[in-house]
1. Being out of contact with any Phe, Trp or Tyr (no Cβ under 7 Å at 6 or more places or on another chain), surrounded by 18 or more Cβ atoms within 10 Å (Cβ to Cβ) and either small (Gly, Ala, Ser) or in a helix (DSSP H, G or I) (or both): is that true of Gly95 here?
2. Search region 102-138 for residues being in a helix (DSSP H, G or I) and aliphatic (A, V, I, L, M), and hand back the single one that is surrounded by the fewest Cβ atoms within 10 Å (Cβ to Cβ).
3. So for region 213-228 (the condition being open to solvent by less than 60 Å² (accessible area, probe 1.4 Å), charged (D, E, K, R) and farther than 22 Å from Ser124 by Cβ), does at least one residue qualify?
4. Could you please let me know if Leu149 is in the same structural domain as Ala219 (by TED's automatic domain parsing) and either touching a Leu at 6+ places or on another chain (Cβ under 8 Å) or part of a helix (DSSP H, G or I) (or both)?
5. Looking at (1) closer than 19 Å to Val99 by Cα; (2) within 16 Å of the ligand (Cβ to nearest atom); (3) open to solvent by 70 Å² or more (accessible area, probe 1.4 Å); (4) not in a loop (DSSP other than H, G, I, E, B), which is the one condition that is false for Lys183?
6. Checking the conditions here, which among Leu38, Leu7, Leu65, Leu46 is on the phi < 0 side of the Ramachandran plot, surrounded by 15 or more Cβ atoms within 10 Å (Cβ to Cβ) and over 24 Å from the mean Cα position of the chain (by Cα)?
Amino acid sequence: MNLESILFSQGFGSRRQCRALVADARVAVDGAVCTDPLAPFEPVGLTFSVDGEAWPYHERAYLALNKPAGYECSRDPQHHLSVFHLLPAQFAARGVQCVGRLDQDTTGLLLLSDDGQFVHAFTSPKRKVPKLYVATTRHPLDDAQLTALRTGVLLHGEREPVAAVDARARSEHELELSVLEGKYHQVKRMIAAAGNRCEGLHRERIGGLTLPADLAPGAWRWLGAAELEALRQG
Ligand code: URA
């Protein structure tokens, strides 16, 4: 694959912009500046740099972000900044999307990808991927609420009750809850339907992938094959 195409595929701008980046001696491969946009390279495993900043080639982007509060999972946010403000611009340019949405005030594990099939598979209601949340509740948790969450609560506007795969109290005001669906404000609505109120929500795990402990709020990282495999477990 030639260098211009490699840059283009990774979101470094239009073909013309990518060609200019190379011609202007701003791109290096293996530490050597390359000014020929048509120079061929094997892209798999390649790390190039643009203006001295290293960029590993990935045919598809699979990312984990530790979403902080106050960011919307939309490219076109209404009231807050977009989570895309936390990522290099190359990702939006190559069509990376959020895999499902977290509310602006929800924190924790958010996946993003430009692999349409992956995004679809993980957001489809048919694909029952458990998502583990930790909620802070306004009122003390009690057994009746936990039983209601586990056996099913009827959400406003829904016909069928929705149940948590698991719901347990971590402390008097801290609820651990695992759900398979991804309905609008689902966890907050479930907690309200069980007679309590959600005052803070954090997503800790999707499938078998736990939010990495070393990923600070607002930080992101590429997901490797082992993490993608963990996601499919659960
Ligand atoms: N359920 C909610 O209510 N909000 C989220 O952000 C995620 C799940």
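The values are calculated or read from the model by the stated rules, or taken from the named source; none is laboratory data. All of these numbers come straight from a predicted model, not from anything done at the bench. Here Cβ is always computed from backbone atoms with ideal geometry, including for glycine, and neighbour counts include all displayed protein chains. Please note that ligands, DNA and RNA were not included when accessible areas were found on the heavy atoms of the full protein model with its side chains. Shrake-Rupley method; radii C 1.70, N 1.55, O 1.52, S 1.80 Å.
1. On the way: out of contact with any Phe, Trp or Tyr (no Cβ under 7 Å at 6 or more places or on another chain): yes; surrounded by 18 or more Cβ atoms within 10 Å (Cβ to Cβ): no; either small (Gly, Ala, Ser) or in a helix (DSSP H, G or I) (or both): yes.
When the stated conditions are applied, Gly95 does not pass them.
2. Restricting attention to region 102-138, the residues satisfying the condition of being in a helix (DSSP H, G or I) are 116-123.
This time we only want the ones that are aliphatic (A, V, I, L, M), so: 119, 121.
Values: Val119: 19, Ala121: 14.
Only one residue fits best here, namely Ala121.
3. no
4. Details: in the same structural domain as Ala219 (by TED's automatic domain parsing): no; either touching a Leu at 6+ places or on another chain (Cβ under 8 Å) or part of a helix (DSSP H, G or I) (or both): yes.
No.
5. (4)
6. Numbers: Leu38 fails: surrounded by 15 or more Cβ atoms within 10 Å (Cβ to Cβ); Leu7 fails: over 24 Å from the mean Cα position of the chain (by Cα); Leu65 fails: over 24 Å from the mean Cα position of the chain (by Cα).
After applying the criteria, what remains is Leu46.
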